[in-house]
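In what follows, a structure is listed as structure tokens, so that the remarks can point back to it.
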Amino acid sequence: MKEGKNHRRLTIVTWLVIFLVWYVITEFGLVSHLIIPSPKEVLNTFVDIVKNGYNGIPFWKHLGISLLRLFLASGLAIVTAVPLGLLSGYFKKVGAIVDSIVQFYRPLPPLAYYIVLILWLGIGESSKVTLLFLAAFAPIYIACVSAVKNIQLEYLLSAQSLGAKGKDLFYRIVVPACLPDIFTSIRTAVGVAYTTLVSAEMIAATSGVGWMVLDASRYLKSSVIFVGIIVMGITGVLIDLGLRTIENKIIFWKGYQ
Amino acid sequence: MTADRIIEIKKLAVDYQTDETKLRAVTQIDLSIDKNDFICVLGPSGCGKSTLLNVIAGFIPPSEGSILMQGQPVVGPDWNRGVVFQSASLYPWMSVRQNVEFGPKIKGLPKGQVSEIATHFLKQIHLLDVEDLPPFQLSGGMRQRVALARALANEPAILLLDEPFGALDALTRIHMQQLVRTIWKENKNTIFMITHDVDEALALGTRLLVMSKSPGSIIREFQSDFSYAVDQKTGRLQLDEKYLALREEILNLIDI
């Protein structure tokens, strides 16, 4: 317990130092405020954007549309990648069909196929959501396949000796045994989708936090860029915190496999 | 074939395929198991004891020979042959009670009956008071007792135990042996148990099988009735000369 407290203190001190350095180099004019705006500027800009919006669109709409894209795509990825991944791991035939496709597109940089998606789906929401979906799909799918392959053999054997087969074996043993890995992969996938989101909003969009940052960079509004980045950072941390809380609730046996 | 014959193994051999070569794990096994037998299998490590158990369980098909269960060939695992491994391998996402209820539930028994069965066997292993805990909060010995109850709940025709007490400390092990003995006497189970502990085999089994080094075959069978002579309360055995002589003989066989 004591060690945990000490570690937390270290984290807090680290951030205080970062803020202090930021404050000092801007306060004494060591760098141009166009390159690094002062904390005060950033705070003022933040308050202004929250009050008056950016580019005629309220701030919560920018953030909201970004999160909507993120959650929609992540949700789609979860409901498709989890069953497909589990089935691929469980039935070699399904794996033979799906595996190579995922392995092919997974190492591609999302922006490379985003062009194709825009060509097919236009510059609206569907191409963005599809892009994030594809980015989130691969990590979940791959984790599910390997989770099935790494199930403790005794779980499966003992269940079969207790009479379980087919659907019972799959739903009552395979799925719960894979849940811890599934959840870890969901957290990774949401993270990947979140980073891809900014790329998507930078290529073709008129709203969203990512777009806001890009637009601000065109006019060198450094403080807006900083506000956008900080908001994205904090949102990312909060999303992961939320997912972790859900994880701890559902997978109470994590670490006791 | 008598009516009480449960398992009939004839000329069994099992090969493991490794890359290029075939490795014979067990060979020339002839074995019949009758109702209410308590068989203990002893042998040097790597002699194929577990392979034999896995074949009976239906996890591994025989390479040669045949295995019949009540006249029918064994094809894959089913509820009529319960298995307990050295690691309890309880499902951590289910409570103790849910673990025990798993078999009867899968069988499709009505809810009331499922919970009655679970209560009965949880009582028999003295763990009714922790039925709602997740299994990872139990000690190693308690977990192994739940694994036993989980297998018993199906009332299988035969119970296969693969070194079930191997990972437990000496005192817990004696308690477990006592528990298994009591259950075996009360329920009239048929048990096939692998152990590497000669004293454990002598204290429990009615038939002791000794296997040779790999490829394993059964080289001797001893009848033992010490299980009946064990002190009912303490689970301890009065050692006499007959016991020591038998123990010596078995140890010599394994230790060649």
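The values are calculated or read from the model by the stated rules, or taken from the named source; none is laboratory data. Given the structure is predicted, the values throughout are model-derived calculations rather than measurements. Backbone-built Cβ (ideal geometry, glycine too); neighbour counts: all protein chains shown. All accessible areas refer to the heavy atoms of the entire protein, side chains included, with ligands and DNA or RNA removed. Shrake-Rupley method; radii C 1.70, N 1.55, O 1.52, S 1.80 Å.
Can you give me the three principal axis dimensions of the range A:191-230 from its C-alpha atoms, in Å, biggest first?
Projected onto its principal axes, the Cα set of the range A:191-230 covers 26, 21, 11 Å.
Which percent of the accessible heavy-atom area of the range B:37-86 goes to carbon and sulfur, probe 1.4 angstrom?
Whole-percent figure for carbon plus sulfur exposure: 49.
Just the projected area, averaged over all directions, of the convex hull on the alpha carbon atoms of the protein assembly as shown: how many nm²?
Mean projected area of the Cα convex hull: 33.6 nm².
Pick out the long, greasy-scoring helices in chain B: whole DSSP H runs spanning 30 Å or more along their own axis by Cα, mean Kyte-Doolittle at least -1.0.
What comes out of the filter, once short or polar helices are dropped, is none.
Each label point is 7 Å from the Cα along the Cα-to-Cβ direction; what then is the distance between the points at B:Glu116 and B:Glu249, in nm?
4.7
With a 1.4 Å probe, how much accessible area is buried between chains B and A, both sides summed, in Å² to the nearest hundred?
2000
Within 10 Å, at most 10 other Cβ atoms, and a DSSP state outside H, G, I, E, B define an exposed site. Report the longest part of chain A free of exposed chymotrypsin sites (Phe, Trp or Tyr not before Pro).
A:29-218
Can you pull the percent of the range A:3-44's accessible area that's carbon plus sulfur, 1.4 Å probe, other chains left in place?
Answer for the range A:3-44: carbon and sulfur cover 70 percent of the accessible area.
Taking trypsin sites (Lys or Arg not before Pro) as exposed when DSSP calls them loop (any state but H, G, I, E, B) and at most 13 other Cβ atoms lie within 10 Å, what is the longest stretch of chain B free of them, the sites themselves excluded?
Within chain B, the longest run free of exposed trypsin sites (Lys or Arg not before Pro) spans B:1-187.
Over chain B, what is the relative contact order in percent, taking alpha-carbon pairs closer than 8 angstrom and at least six residues apart?
25
When the expected Rg is taken as 2.2 N^0.38 Å, what fraction or multiple of it is the alpha-carbon Rg of chain B?
1.01
What helices does chain A hold that run 30 Å or longer along their axis, going by alpha-carbon atoms, with a Kyte-Doolittle average of 0.5 or more, using DSSP H for the helix calls?
A:59-90, A:125-149, A:175-203, A:222-250
Any chance you could check the range A:154-177 for residues losing 40 Å² or more of accessible area when the partner protein chains are in, compared with the chain on its own (1.4 Å probe)?
SASA drop of 40 Å² or more in the range A:154-177: A:Glu154, A:Tyr155, A:Leu157, A:Ser158, A:Gln160, A:Ser161, A:Leu162, A:Arg172, A:Ile173.
Can you give the accessible area per residue of the protein assembly as shown, in Å², using a 1.4 Å probe?
Accessible area per residue: 51 Å².
May I ask you to give the percent of accessible area on the range A:112-257 that is carbon plus sulfur, with a probe radius of 1.4 Å?
67
List the residues whose amide H sits under 5 Å from the amide H of B:Leu42, counting only those 5 or more places along or on another chain, with H placed 1.01 Å from N in the peptide plane.
Correct list: B:Leu209, B:Val210, B:Met211.
About its Cα centre, what dipole magnitude does chain A give when the only charges are +1 on Lys and Arg Cβ and -1 on Asp and Glu Cβ, stated in debye to the nearest 20?
Dipole of chain A, to the nearest 20 debye: 500 debye.
Counting only other chains, what is the mean number of Cβ atoms within 10 angstrom of the Cβ of each residue in peptide B:70-83?
3
Only helical DSSP H runs with n ≥ 4 go in: add -39500 (n - 2.57) per run for chain A, normalise by residue count and round the 222 nm mean residue ellipticity to 500 deg cm²/dmol.
So the calculated ellipticity at 222 nm is -27000 deg cm²/dmol.
Report the far tail of the P(r) of chain A, meaning the percent of Cα-Cα pairs longer than 26 Å.
The proportion of pairs with Cα distances above 26 Å equals 54 percent.
Please state the Cα pair-distance histogram of the range A:36-96 with 5 angstrom bins from zero: what percent is in each bin?
It works out to 4, 15, 13, 11, 11, 9, 7, 7, 7, 7, 6, 2, in whole percents.
Put a dot 7 Å past each Cα toward the Cβ at B:Ile219 and A:Ile230; how far apart are the dots in nm?
Reported label-point gap for A:Ile230 and B:Ile219 is 7.9 nm.
What does the extension gain come out to for A:Asn248 and A:Trp15, with contour length at 0.36 nm per residue minus their alpha carbon separation?
Stretched fully, the A:Asn248-A:Trp15 segment lengthens by 81.2 nm.
Taking the Cα centre of the protein assembly as shown as the origin, how large is its charge dipole in debye, to the nearest 20, when only Lys and Arg (+1) and Asp and Glu (-1) carry charge on their Cβ atoms?
Roughly 1360 debye, rounded to the nearest 20.
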